[in-house]
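Chemist: Structure provided below as structure tokens; questions to follow.
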């Protein structure tokens, strides 16, 4: 019916089409990330750093005053609406995530683990901010 090379082409095409199928999402929010407000880096460390100007500067590479000024300038542009499904990530936290990415050069996945977010969420935040 088909030659051997034609059969191989068909199999490769079927394989390629099958790979394009989207994987089902296993989690809306992973259990680890559900503890973000209790255990995440922003809610634990970043809030505490506000009372230590020198450590705040080491962490973000800017003073608290500069952070707040920058936050006021971009807050309107990075704010998200609250929905029935979930509460949005705070604008200060969004800025902190972006600054941490820029100051450390860590991967989105590394930042995501620290802040207890999905890596795609971190990627979107960095792009938006």
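The values are calculated or read from the model by the stated rules, or taken from the named source; none is laboratory data. Model, not experiment: these values are computed from the prediction. Ideal geometry is used to build each Cβ from the backbone, glycine not excepted, and the neighbour counts take in all protein chains shown.
Chemist: Looking at segment 96-121 only, could you name the residues that are touching a residue at least 40 places away in the same chain (Cβ under 8 Å) and surrounded by 19 or more Cβ atoms within 10 Å (Cβ to Cβ)?
Modeler: Those that are touching a residue at least 40 places away in the same chain (Cβ under 8 Å) and surrounded by 19 or more Cβ atoms within 10 Å (Cβ to Cβ): 96, 97, 100, 115, 116, 117.
Chemist: Residues in segment 38-50: is at least one in a loop (DSSP other than H, G, I, E, B) and at pLDDT 80 or above? Give the derivation first.
Modeler: So in segment 38-50, the residues in a loop (DSSP other than H, G, I, E, B) come out as 40, 50.
So of that shortlist, the ones also at pLDDT 80 or above come out as 50.
Yes, there is a match, as at least one residue in segment 38-50 is in a loop (DSSP other than H, G, I, E, B) and at pLDDT 80 or above.
Chemist: Now a separate question. So how many residues does segment 91-105 have that are part of a loop (DSSP other than H, G, I, E, B) and in contact with a helix residue (DSSP H, G or I) (Cβ under 8 Å, 6 or more places away or on another chain)?
Modeler: 0
Chemist: OK, next. State all residues of segment 62-79 that are outside any helix (DSSP H, G or I) and over 15 Å from residue 129 (Cβ atoms); if no residue qualifies, say none.
Modeler: 63
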